Amino acid sequence: MSVEKSLIDEILKKYENPEESLIAVLQDVQAIDGYISRESVEYITEISGIPSARIMGVASFYAGFRLKPVGKYRIMVCMGTACHVNGAERVGDTVKRVLGIEEGDVTEDGLFSWEEVACLGCCSISPAMMINDTAYGKLTPDMVTDIISSIREEELK
Ligand code: FES
């Protein structure tokens, strides 16, 4: 993915001292691409002089930053305690099998990515997962398969 340099220029202009506001800068960058790409980091370094090691240090320290691309549908499988006890592993295994990709990867068509995350805050419906902003709970392998299939079908229409 090529980085939108003009958008990064605009982001850097917003902040008087981009190095002091690095977290906010990176949040804005992530809002463009969905993750912090290596190209974005290199471009920020080129324009602002902030060392790439410092940018990568901040980006990898905070859990909110993603260093890999995500799909149009970002599936987050909860591996928190309640979900773990109630079958999160089966949910994760099903997502992996249905999508045919490893955790952290994106399907070739760019539609789906999946990752394991800590508690999503909806333990009462464990095991749970989120797809973008929508939570799905009390999941069985069949439900997971159906949810992903129906999204695929919608996308093919
Ligand atoms: S442990 Fe999964 S939602 Fe809380």
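The values are calculated or read from the model by the stated rules, or taken from the named source; none is laboratory data. As the structure is a prediction and not an experimental result, all values here were calculated from the model. Keep in mind that these areas ignore ligands, DNA and RNA; they rest on the heavy atoms of the full protein, side chains included. Shrake-Rupley method; radii C 1.70, N 1.55, O 1.52, S 1.80 Å.
Each stretch of four or more DSSP H residues adds -39500 (n - 2.57); spread over every residue of the chain, this sum gives -14500 deg cm²/dmol at 222 nm.
Express the Stokes-Einstein translational diffusion coefficient of the chain in µm² s⁻¹, to the nearest whole number, given a Kirkwood radius over alpha-carbon pairs, 25 °C and a viscosity of 0.890 mPa s. Estimated diffusion coefficient is 144 µm²/s. 3J(HN,Hα) couplings calculated from phi for region 114-125 with the Karplus curve 6.51 cos²θ - 1.76 cosθ + 1.60 (θ = phi - 60°) are, in sequence order, 9, 8, 8, 10, 7, 2, 8, x, 10, 4, 5, 10 Hz; Gly and Pro show x. Taking the Cα atoms only, what angle lies between the long axis of helix 5-14 and the longest principal axis of the chain, rounded to 10 degrees? Taking Cα atoms only, the helix is inclined about 70 degrees. Hydrodynamic analysis of region 73-156 uses the Kirkwood radius over alpha carbon pairs. Inserted into Stokes-Einstein at 4 °C and 1.567 mPa s, it gives a translational diffusion coefficient of 104 µm²/s. Normalised by the number of residues in region 73-156, the mean separation of alpha-carbon contacts (under 8 Å, six or more apart) gives a relative contact order of 37 percent.
In summary, the aspartates and glutamates within cross-link reach of LYS138, defined as a Cα separation below 14 angstrom excluding same-chain residues under 8 places away, comprise GLU89, ASP146.
Solvent exposure of MET56, expressed as accessible area, is near 50 Å², computed with a probe of 1.4 Å over the protein chains only.
Computed on the Cα atoms alone, the convex hull of region 1-90 gives a volume of 113 cubic angstrom per residue.
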